[in-house]
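*Asks:* Before I ask anything, let me first share the structure, which is written out below as structure tokens.
The values are calculated or read from the model by the stated rules, or taken from the named source; none is laboratory data. Note that the structure is a prediction, hence the values are computed from the model and not measured. FYI the Cβ positions are ideal-geometry reconstructions off the backbone, even for glycines, and counts take in every protein chain you see.
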Amino acid sequence: MGALAHYLETRGIPTTQISLIKEHTQTIQPPRALWVPFALGRPLGLPGDPDFQRQVIQAALALLEAPKGPVLVDFPHDVPQKTDQTRDSLDLPACPVSFAGPVTHKSETEKLLAAFEQELSEFRSWYDIGLEKRGYSSVGYFSPNVVQTVFTDFLSDTPLTLEKTMSSPALALRLAAQDLKAVYFESVMFRPDMVLPDDAAFSHWFWQKTAAGALLRAVKEKCSASDDKVLKMTGEMLLVPLDQAS
């Protein structure tokens, strides 16, 4: 949209836009943009709140009064919290547009990995925002990209590529699982449409509502069925809490 805005401006058509990822907008530098701290797929905030949505639209249109750009303004308000939202009623980001590709016959593992990849990319945006604001992260062993590679390779029967300091695939899987949960927790902390959960609520949401939780259960099952004693023990005891295994 930023590139299109530059083109339209050369034709004498003033433009304004709403930005969900500030870093991208800072790079493209469109003529006028309003950055909003909302979940991906919700540029106007939560559904069913026309008064708040109108404020967002009016703020974006007000940028047309700027004589020249680039102009990037932060929207001053967060999404209002709904009074009936409970700690364990967390939802995934909503995207009103379907980007479905051609119909293909995928295995259950391929479907799970595709869902996990899309979900992780959505949460990664909020993780990056949180990391920039805090300046630190509890993700200590693998970056989100490496975490994805570790689990994708393992479930796809591709040999894991490990650093010399990583003694075994079992250890890599266990540490990657820890970092994956940390990425999701820190993402939730900075998503304005999600109530910050306590440990019990987060655990229930992560293991029962996300593709990441389903993926780790699949990793657990594969490890538990392995002839490798260390992998087997890791799957049976160290990847998924006993109360969330099913």
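*Asks:* Just one of (1) under 19 Å from the mean Cα position of the chain (by Cα); (2) modelled with pLDDT of 85 or more trips up F38, so point out which.
*Replies:* Every listed condition holds for F38 apart from (2).
*Asks:* Just checking, which of V97, V103, V146 is at pLDDT 90 or above and farther than 24 Å from E236 by Cβ?
*Replies:* V146
*Asks:* Looking at L44, is it in contact with a strand residue (DSSP E or B) (Cβ under 7 Å, 6 or more places away or on another chain), at pLDDT 80 or above and over 30 Å from K220 (Cα atoms)?
*Replies:* No, not satisfied.
*Asks:* Kindly establish whether E119 is touching a helix residue (DSSP H, G or I) at 6+ places or on another chain (Cβ under 8 Å) and of a type outside the set (A, V, I, L, M).
*Replies:* Answer is yes for this residue.
*Asks:* May I ask you to verify whether L120 is under 25 Å from S226 (Cα atoms) and not in a loop (DSSP other than H, G, I, E, B)?
*Replies:* It is false that L120 is under 25 Å from S226 (Cα atoms) and not in a loop (DSSP other than H, G, I, E, B).
*Asks:* If you check A225, A172, A182, A176, which single one turns out to be free of Cβ contacts under 8 Å to residues at least 60 places away in the same chain and surrounded by fewer than 16 Cβ atoms within 10 Å (Cβ to Cβ)?
*Replies:* Exactly one residue qualifies, and that residue is A225.
*Asks:* Please count how many residues of segment 148-206 are in contact with an Asp or Glu (Cβ under 7 Å, 6 or more places away or on another chain) and aliphatic (A, V, I, L, M).
*Replies:* The qualifying residues number 2.
*Asks:* Give me the residue from segment 1-35 that is within 18 Å of P76 (Cβ to Cβ) and part of a helix (DSSP H, G or I) and, out of that set, modelled with the highest pLDDT.
*Replies:* That would be T25.
*Asks:* For segment 137-177, which positions are part of a helix (DSSP H, G or I), over 30 Å from D78 (Cα atoms) and not aliphatic (A, V, I, L, M)?
*Replies:* Result: Q148, T149, F151, T152, D153, F154, P169, R174.
*Asks:* Criterion first (touching a Phe, Trp or Tyr at 6+ places or on another chain (Cβ under 7 Å) and farther than 22 Å from A114 by Cβ) does E186 satisfy it?
*Replies:* Against the criterion (touching a Phe, Trp or Tyr at 6+ places or on another chain (Cβ under 7 Å) and farther than 22 Å from A114 by Cβ), E186 qualifies.
*Asks:* Can you name the condition, by its number, that D88 falls short on among (1) closer than 30 Å to L155 by Cα; (2) of a type in the set (D, E); (3) surrounded by 10 or more Cβ atoms within 10 Å (Cβ to Cβ); (4) modelled with pLDDT of 75 or more?
*Replies:* The one condition D88 does not meet is (4).
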